[in-house]
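Reviewing the structure listed below.
The values are calculated or read from the model by the stated rules, or taken from the named source; none is laboratory data. This is a predicted model, so every value here is computed, not measured. Backbone-built Cβ (ideal geometry, glycine too); neighbour counts: all protein chains shown. Accessible surface is based on the protein model in full, side chains and every heavy atom, while ligands, DNA and RNA are left aside. Shrake-Rupley method; radii C 1.70, N 1.55, O 1.52, S 1.80 Å.
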Amino acid sequence: MANQDREGNISKFLDMVKKSDNIVFFGGAGVSTESGIPDFRSVDGLYNQQYDYPPETILSHTFYRRNPAEFYRFYRNKMLCLDAKPNMAHKKLAELEKAGKVRAVVTQNIDGLHQLAGSRKVLELHGSVHRNYCESCHKLFDAAYMLDSEGIPHCDACGGDIKPDVVLYEEGLDNQTIQEAVYYISQADMLIIGGTSLAVYPAAGLVDYYRGNKLVLINKTPTPRDSQADLVLQESIGELFGKIEP
């Protein structure tokens, strides 16, 4: 019976996608773990051997200022996964956008995989590892420059420190990005939330701006918003999106 329910829910999801032409996708770390990018919150044995602080501490503004060398050791090792490739979820979202069905992707991820797959309207709530800037002269640097640098990366023009354009703990989100995300979510006829526990605010609060009746939650574990959803699927997001035919 449970399997019948599962298949029925998958069919319902596919039908919703088919009948919608103003879809917004809101995604988190679970979208990219299927591309081999680790969710830094799942602290593994290797992590415990290598670092003296939890990820949330290392990725804070205070830690970055006080201990930049250790910040960059973690950043290069855990955040710069430049060999990762888009998975089926990234690819299908790009296809659906091209077909005029997906209007925007709102992501908490900083890996740039949505753009690599071909998505054009991507709102990056937490910034991107692919944008880095000199704090003195504001020259921009790509992720490869950061990966190849040693210690604290310095600007090749003025010698200033380079900071990733990612939102660290204790830092505020970009207002324009938030406003755009609110606009697209509030206008959507279908909101798909995937690969996020909806535990990180203020990003998780964006769900409240959705006014429609096709709120779909796709996550392998329960979220605090499951009771509000019109459909909950505890599925692999890549496998599920692989079933969509634009």
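Go through Lys101/Lys220; Lys101/Lys243; Lys85/Lys139; Lys91/Lys163 and tell me which ones have a Cα-Cα distance over 21 Å in this structure. Before the final figure, lay out the partial values.
Values: Lys101/Lys220 25 Å; Lys101/Lys243 16 Å; Lys85/Lys139 27 Å; Lys91/Lys163 30 Å.
Beyond 21 Å: Lys101/Lys220; Lys85/Lys139; Lys91/Lys163.
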Estimated [θ] at 222 nm from DSSP helical runs (n ≥ 4, -39500 (n - 2.57)) normalised by residues in the chain, nearest 500: -9000 deg cm²/dmol
Positive-pole candidate from Ile37, Ser11, Thr57, dipole of segment 1-157, charges at beta carbon: Ser11
For Tyr72, solvent-accessible area (1.4 Å; no DNA, RNA or ligand), Å²: 0
Principal axes of segment 118-246: Cα extent on each, largest first, Å: 54, 30, 27
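I'm checking a number: the convex hull volume of the Cα atoms of the chain, normalised per residue, in Å³. What is it?
Values: hull volume 31.6 nm³, N = 246.
Each residue corresponds to 128 Å³ of Cα convex hull volume.
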Descending Cα extents along the principal axes, segment 128-198, whole Å: 48, 23, 22
Inter-probe distance in nm under a simple model that places probes 7 Å from Cα toward Cβ, at Arg120 and Gln179: 2.3
In Å², nearest 10: area of Tyr201 left accessible to a 1.4 Å probe: 140
In Å², nearest 10: area of Cys158 left accessible to a 1.4 Å probe: 70
